[in-house]
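Worksheet for the structure shown next.
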Amino acid sequence: MIRTQVSLDPELYERARALARQQGISFAELCRRSLAIALARVPGNQPWMAYVGVVEGRPDDSCTVDEVLYGRESP
């Protein structure tokens, strides 16, 4: 791993530390995960991610795709 240094305002730092404690991970791990999520959202890394959230629907639509598409449980 590469060590790096960042400057954070005190409020952001404290909130991040609290979240890391709540999740049972280190502050460094929280930073790594957060950066990975941010980079995954950059268009071009995963083109299909640009469409996430564009289509409206019910939260369980992915589990009931046949019902959503065909109006019945199976095609």
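Read-outs throughout are calculated quantities, based only on the coordinates presented, and are distinct from any laboratory measurement. Everything quoted here is computed from the prediction, not taken from an experiment. Here the Cβ positions follow ideal geometry from the backbone for every residue, glycine too, while neighbour counts run over all protein chains shown.
What to note about this one:
- For SER26, net neighbour charge (Lys/Arg +1, Asp/Glu -1) across residues whose Cβ lies under 11 Å away: +3
- Trypsin sites (Lys or Arg not before Pro) lying in DSSP loop within the stretch 1-33, provided at most 14 other Cβ fall within 10 Å: ARG3
- The length gained on full extension between ARG17 and ALA38, counted as 0.36 nm times the residue separation minus their Cα-Cα distance, comes to 5.7 nm.
- In this structure, ASP9 and VAL55 have a Cβ-Cβ separation that, at R0 = 35 Å, corresponds to a calculated FRET efficiency of about 0.45.
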